[in-house]
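The values are calculated or read from the model by the stated rules, or taken from the named source; none is laboratory data. Computed from a predicted model, the values in this text were never measured in an experiment. In this analysis, Cβ positions are derived from the backbone assuming ideal geometry, glycine residues included, and neighbour counts consider all displayed protein chains.
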Amino acid sequence: MPDHVPAPAAPLVYYVAQSLDGFVADRDDALDWLLQFGFDTFQQHYDEFFAGVGAIIMGASTYRWLAAAGEAWPYPGLPCWVLTHSTLPPMGGAEGVITATDVPAVARAARAAAGDRSVWVVGGGQTAAQFAEHGELDELRVTVMPITLGDGAPLLPHAGPARRWQLTGTTAFDGGPIELAYRAVTDAGVASGDTRDDAASRR
């Protein structure tokens, strides 16, 4: 037997809320439809998820949305990669943000930085889709909100062949939202990624 078994790679997790009809932002790229639900109902669940996050990935639009909000950087102390070809506006507390364009390289670096925790792909859908297209997106944790938008930014608009996902857990919240947790399925029919969050995801 080998003397050392390497730890499983940190999973890339797309943790996000969507409307019933599959949009993560409205046609104006705004989140007012989501913010109206408040956060108290989801706070404990979010805190438990965030405690297991060791690195952050997001797209330039998500970064600029955070910067425009005028609030403090919400991920202090965590390494963060932003997929972009352009210069980002400064944001207090975000001095360690790394800009990059190479999706597989970002995935490798973020996994290494996260160690025994997860990499949170914050969004948006186009960014998450790029990691899915490269086979680098391991888990979906999607909270479906009881509202329809009719139009907007889709959850995961990836190109290429269909991808299968294995349901690993559900969490219902007061008022109708429900989180669906999935793990990507490999060609061999086995879900990829590790199992460190299985117990939590089944609550």
Of all the residues that make up segment 98-153, how many are in contact with a helix residue (DSSP H, G or I) (Cβ under 9 Å, 6 or more places away or on another chain), among the charged types (D, E, K, R) and over 28 Å from I178 (Cβ atoms)? 0
Have a look at G123, G96, G77, G52 and point out the one that is at pLDDT below 95, of a type outside the set (D, E, K, R) and closer than 27 Å to G169 by Cα. G123
Take segment 32-91 and flag every residue that is among the small types (G, A, S), buried (at least 16 other Cβ atoms within 10 Å of the Cβ) and farther than 23 Å from A153 by Cα. G52, G54, A55
Return the total of residues in segment 136-156 being over 17 Å from I57 (Cα atoms), of a type outside the set (A, V, I, L, M) and out of contact with any Asp or Glu (no Cβ under 6 Å at 6 or more places or on another chain). 4
Kindly provide the set of residues from segment 4-31 that are aliphatic (A, V, I, L, M), at pLDDT 95 or above, part of a loop (DSSP other than H, G, I, E, B) and in contact with a helix residue (DSSP H, G or I) (Cβ under 7 Å, 6 or more places away or on another chain), ordered by number. A10
Among the residues of segment 112-134, write down those that are more than 11 Å from the chain's Cα centre (by Cα) and either assigned to a helix (DSSP H, G or I) or among the hydrophobic types (A, V, I, L, M, F, W, C) (or both). A112, A113, A114, Q126, Q130, A132, E133
With respect to E139, determine if the residue is within 22 Å of W81 (Cβ to Cβ), crowded, with 19+ Cβ neighbours inside 10 Å and at pLDDT 95 or above. yes
Which numbered condition P89 misses (of (1) without any contact (Cβ under 8 Å) to a residue 12 or more places away in the chain; (2) over 15 Å from the mean Cα position of the chain (by Cα)): (1)
Only unsatisfied item for A159, checking (1) surrounded by fewer than 20 Cβ atoms within 10 Å (Cβ to Cβ); (2) over 20 Å from F42 (Cβ atoms); (3) modelled with pLDDT of 95 or more, is (3)
Qualifying position, being assigned to a helix (DSSP H, G or I), hydroxyl-bearing (S, T, Y) and touching a strand residue (DSSP E or B) at 6+ places or on another chain (Cβ under 7 Å), among Y63, Y75: Y63
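Determine, yes or no, whether A188 is surrounded by fewer than 18 Cβ atoms within 10 Å (Cβ to Cβ), under 22 Å from Q44 (Cβ atoms) and modelled with pLDDT under 95.
Numbers: surrounded by fewer than 18 Cβ atoms within 10 Å (Cβ to Cβ): yes; under 22 Å from Q44 (Cβ atoms): no; modelled with pLDDT under 95: yes.
In short, no.
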Hey, A162 hits all of (1) of a type in the set (A, V, I, L, M); (2) part of a helix (DSSP H, G or I); (3) free of Cβ contacts under 8 Å to residues at least 60 places away in the same chain but one; which does it fall short on? (2)
